[in-house]
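All remarks here apply to the structure that follows.
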Ligand SMILES: Cc1cc2nc3c(=O)[nH]c(=O)nc-3n(C[C@H](O)[C@H](O)[C@H](O)COP(=O)(O)OP(=O)(O)OC[C@H]3O[C@@H](n4cnc5c(N)ncnc54)[C@H](O)[C@@H]3O)c2cc1C
Ligand code: SF4
Ligand code: SF4
Ligand code: SF4
């Protein structure tokens, strides 16, 4: 092993681990709470396979593009229940259902799933009934290493695979596979970064101590107020359910403001056009006047879908019957979602202080120090979730038809 990326560049994908013939590489959690690679030099036979497969060391170019323009859509799943349980407009579920229907029994969809121990890993699902396991955003790094070999085997057998993940995970998969496969479809989230596992655990410990029970599940993007004011829903083993807005939850607040992210995210080489995957999906923030979507539609979640090539366009066409949709302009998409073309800014001093403080201080003290709460925000905290919901809809009553 000559030159693997350093701690600032490594995306923690684990491809090097998977291809190393002597198993001399492994993951450890660094002091900031991010997955990092360590090696046992004695076992290394200097074959350089890890370097040849590491996505960060590849040129990052994609031959996955047509010269045609990208198609851009705003869309929303027509099924109310699926829409409610999806983080944006449920576009991802529509893609999966369309593929399951098209190639019955021959499709596996890989996506991020929250485990019982509250870690996140990629799993494969082959039936609509299992789709809920990978629906919804989990704002943690997902481990893809355990699915790589099965993806390759399925593709080699001519089966259809839809892989969804962060853009760096798409790059990692392409790098692992090396060959291109006609039956592989890829779908990436617009990604502003993944936060520290350590910060996540500290936040959880604090909430568990307050509620007096362990956390059994988390919905990182509950729409319990509305899509544009996301809350995080925590379910506890004693049956209690708690909702926190970003300003009431230091972990999520820091994630949204980009101060607890993996170092590689601040220099993300995948935050650019053209995109890497067949499809790029995200939240259509700041969508303007629309003949298709009412104010209330917009409060339930609108997906942004970019079809980046022929495969992406084929996927979108196949899923149209499950969607309400409207073509939009790429400039509008970028205006509401700048991470389509540039990485998040590194507020490095604040970040370093925060990630060191979470080890030393109680979470209440961390929150006091970093969650700067204005008078308006304090008022909204006093109003609580239900009060906020009532206030929000009263304020916007003129838009509700
Ligand atoms: C870490 C992260 C950061 C994001 N940042 C932005 C952003 O800045 N702007 C924006 O518009 N959208 C962002 N998104 C995407 C957005 O939250 C929605 O996931 C996306 O719009 C799809 O929503 P949906 O309703 O179509 O489907 P959903 O069912 O909500 O999407 C689920 C899909 O997202 C994938 N996914 C969920 N969690 C992870 C994870 N931890 N790692 C890899 N893949 C995951 C799953 O594999 C699954 O396929 C981010 C998502 C993640 C996971
Ligand atoms: S050079 Fe070969 S043996 Fe050494 S770490 Fe890399 S893959 Fe493993
Ligand atoms: S393959 Fe992935 S985990 Fe390994 S060094 Fe490269 S970026 Fe880091
Ligand atoms: S911001 Fe870039 S490097 Fe960070 S998780 Fe997202 S795609 Fe990967």
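See the values below:
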item	result
Check on residue 134, within 12 Å of ligand 1 (Cβ to nearest atom), within 26 Å of residue 203 (Cα to Cα) and in contact with a helix residue (DSSP H, G or I) (Cβ under 7 Å, 6 or more places away or on another chain)	no
Residue among 10, 44, 50, 16 that is over 27 Å from residue 261 (Cβ atoms), surrounded by 13 or more Cβ atoms within 10 Å (Cβ to Cβ) and touching a strand residue (DSSP E or B) at 6+ places or on another chain (Cβ under 9 Å)	44
Check on residue 341, surrounded by fewer than 16 Cβ atoms within 10 Å (Cβ to Cβ), at pLDDT 95 or above and more than 16 Å from residue 221 (Cα to Cα)	yes
Residue 301 being modelled with pLDDT of 95 or more, surrounded by 20 or more Cβ atoms within 10 Å (Cβ to Cβ) and more than 15 Å from residue 80 (Cα to Cα)	no
Count of residues meeting criterion [within 16 Å of ligand 4 (Cβ to nearest atom) and in contact (Cβ under 8 Å) with a residue 24 or more places away in the chain] in segment 323-347	10
From 352, 326, 317, residue being at pLDDT 95 or above and closer than 30 Å to residue 208 by Cα	352
Residue in segment 315-322 that is within 16 Å of ligand 4 (Cβ to nearest atom) and within 21 Å of the chain's Cα centre (by Cα) present	no
From the options 302, 229, residue that is within 15 Å of ligand 1 (Cβ to nearest atom), within 29 Å of residue 95 (Cα to Cα) and touching a strand residue (DSSP E or B) at 6+ places or on another chain (Cβ under 6 Å)	302
Boolean, residue 263 is under 16 Å from the mean Cα position of the chain (by Cα) and within 29 Å of residue 347 (Cα to Cα)	no
Among the residues listed as 295, 325, the single one being closer than 16 Å to residue 76 by Cβ and surrounded by 20 or more Cβ atoms within 10 Å (Cβ to Cβ)	325
Qualifying residue in segment 83-104 (condition: closer than 24 Å to residue 13 by Cα and within 16 Å of ligand 4 (Cβ to nearest atom))	yes
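The values are calculated or read from the model by the stated rules, or taken from the named source; none is laboratory data. Worth saying up front: this structure is predicted, and the values here are computed from it rather than measured. Note that each Cβ is placed from the backbone with ideal geometry, even for glycine, and that neighbours are counted across all protein chains shown.
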